[in-house]
Structure formats: C-alpha cells, structure tokens
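Have a look at the structure below before the remarks.
Read-outs: derived from the displayed coordinates by stated rules, not from any lab. Since the structure is predicted, the reported quantities are computational estimates derived from the model, not experimental observations. Note: ideal-geometry Cβ built from the backbone for every residue, glycine included; neighbour counts use all protein chains shown.
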Amino acid sequence: MIKLIRKQAFYNQLKLGVLYLKEESYRNAFYHFENAHVLGQKYFIRHVLSHFWMLMYAVKKKKNKEIIGQLFRIIVSVLCTLIWVPKGNTGGTNVSSVKPMPIRKELQKYF
C-alpha cells in the first residue's frame, strides 16, 4: 500500500514540477523534481524520469553544468538503479550523486 501511495506522490511531484517549469517558476520546478527524485529513485522508470525532467529544466535555463550532470545521471540511473541508490539524494548536480541525504520532512511519510 505504501508503495502505491509513494508512486502517486512521485507523479504528483513530477506534475507540479512540469507545471512550474511551464510557468517559468524555475526554483519551484526544480524543488518538485528533487522531491520526485527522492520518491522515485528506487524504481527504474521513475528514477530516469526524474532526471529527464531535471535535464529539461537545465536545458530551459541554459545551465551547461546541470545539462552535462543530468545526462551523466541518466546514464548512471539506467545502469545502477536496481543495484544501489543513495537514499534521500535529491539528484541535482549541486550534490554528490553518491551521497545519501536526510529525507525532507514533507516526504518522510512515504517511507
């Protein structure tokens, strides 16, 4: 049951991120993409989707470092999701891709 609730929360966060991205509210968009990453990182398709939308954010903002970082993270998520992921990691290039992080307070109920 908790997996289904987490899946729904993932898609809600992703949807919010996409809406904010379309509205050019970039800080809010990225925050929700990070939340989606935390919620979906243990699941192959959701993990890749969260990085794809972070890449779309980076392209729209013309952030070259983030573009390269997200391309790298997409490849790594394809190769490693089923083996190991750092719990709580928000997925942006502003943090190490292998560093476990505390889960944000608003997301803790899904774990």
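Remarks
- Electrostatic dipole magnitude of the stretch 1-65 [Cβ: Lys, Arg +1; Asp, Glu -1; Cα centre; debye, to 20]: 140 debye
- Remark: spin-label model distance Asn94-Ile5 equals 2.9 nm, labels positioned 7 Å along the Cα→Cβ axis.
- Two tests apply to each whole DSSP H helix in the chain, Cα reach of 15 Å or more along its axis and mean Kyte-Doolittle hydropathy of at least 0.0, and the ones passing both are 2-22, 44-61, 64-80.
- Cα gyration tensor category, rounded, prolate or oblate, for the stretch 26-90 with a/c compared to 1.5: oblate
- Cβ-based charge dipole, the chain, positive-most Cα from Ile74, His32, Leu19: His32
- Amide H contacts under 5 Å for Asn89, placed H, 5+ residues apart: Met101
- Relative contact order for the stretch 1-82: 26 percent, from Cα pairs under 8 Å spaced at least 6 residues apart, divided by residue count.
- Linear extension gain, Asn12 paired with Glu24, 0.36 nm per residue minus alpha-carbon span: 2.5 nm
- Think of it as helices only: each DSSP H run of n ≥ 4 in the chain is worth -39500 (n - 2.57), and spread over all residues that comes to -21500 deg cm²/dmol at 222 nm.
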